[in-house]
Amino acid sequence: MAADLAVREQAGTKQRAAGRPRRTGALTPYLYVLPYFAVFATFVLAPAVYGLWISLHDWDYLLPGKPFVGLDNYQALFDSSSAVFDFFWESMSATGIFTVLSVPLLLAVPLLIALMLNRSFPGRTFFRAVYFAPYVLGVAVIGVLWRFLLDPNLGLVNAILPGSAPWTTALPWAWISLVGVTVWWTLGFNAVIYLAGLQDIPRELYEAARIDGGGKWAEFRHVTLPGLRPVLLFVVVNTILLSANMFGQSYLITQGAPGTETRTAIMYIAQVGLRDYKMGSAAAMSYLLTVCLLIISAFVFRLFREKDA
């Protein structure tokens, strides 16, 4: 009898132990984060800190001596008598022009396409693939392809269109080419993001808007746009950052022409650092560009937060 009671008590203890949730260690969450943090620290954080250190030196990687110059590289960017002042701010102006011209199109055109592709019609999956297909191509492929297509003398575009436009050698045609190619190439990504956001909006909201007598514009204004607000924040910030960091299209299609009118900030930074071997000055330019983009991003976040309020 006593043996049976002991066996039952032991079995009950095992059942309670099996049903009790195991306690995870306090370090377990950090162990999951550790691989990502190791990659982030190695390939992002460490280079960023090292780049800041380089910007404080007269850094020529071909020479053994790299004297410390403090903030001289930053000061030169604001000194009108320095050798880099005019060229840097001209490149920043080119970056601003491209961003202002491309961002509105990359926000509006993909949204229209997403609204169209969100409807049910035959071949919808095919058209989704068609719009997204150019985005999978690398910038080198896109740049070389459109360099030949837009060539003022031998290009297919001038052969098809009446007249002959200097698509890559004169303004405003060079900007039209760069913006047009970029919109054609990258709109598929924003369209897919918009489409995912549209599919998360409850259908009941559109039905309620129709019951209240609202038309298509009312549905778009009071249902679609509020439902897409988090997606819009991501798309706006991401598009601004990508446009401000444009390099490959300008380098391959217009090569900065006419003159240096379409030479963007990233293109000029690469030339200063890799061609002129002035890594310290190039690093200072890149950090100043980063600060400008952080300020713009903070303004966009604040703008959307005020709308939420």
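Quick note: the coordinates plus some simple rules give every number you see, no bench work behind them. This one's a predicted model, so the numbers in the text were calculated from it and none came from an experiment. With ideal geometry, Cβ positions are generated from the backbone for all residues, glycine too; neighbour counts draw on all protein chains shown.
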Unmet criterion (only one of (1) of a type outside the set (A, V, I, L, M); (2) closer than 24 Å to TYR251 by Cβ; (3) within 18 Å of the chain's Cα centre (by Cα)) for PRO110: (2)
Within the stretch 277-302, which residues are surrounded by fewer than 19 Cβ atoms within 10 Å (Cβ to Cβ) and part of a loop (DSSP other than H, G, I, E, B)? TYR277
Test result for VAL181, hydrophobic (A, V, I, L, M, F, W, C) and within 23 Å of SER93 (Cβ to Cβ): yes
With respect to the numbered conditions (1) in a helix (DSSP H, G or I); (2) of a type in the set (A, V, I, L, M); (3) in contact with a helix residue (DSSP H, G or I) (Cβ under 7 Å, 6 or more places away or on another chain); (4) touching a residue at least 40 places away in the same chain (Cβ under 8 Å), which one is the sole condition not fulfilled by LEU242? (3)
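Does PHE301 satisfy being more than 29 Å from ASP58 (Cβ to Cβ) and in contact (Cβ under 8 Å) with a residue 60 or more places away in the chain? Show your work before the answer.
Working: more than 29 Å from ASP58 (Cβ to Cβ): yes; in contact (Cβ under 8 Å) with a residue 60 or more places away in the chain: yes.
The answer is yes for PHE301.
So, in the stretch 209-239, exactly how many residues are among the aliphatic types (A, V, I, L, M) and outside any helix (DSSP H, G or I)? Even if it seems obvious, please write down each step before you answer.
First, pick out the residues of the stretch 209-239 that are among the aliphatic types (A, V, I, L, M): 209, 211, 218, 223, 225, 228, 231-233, 235-237.
This time we only want the ones that are outside any helix (DSSP H, G or I), so: 228.
The number of residues fulfilling the criteria is 1.
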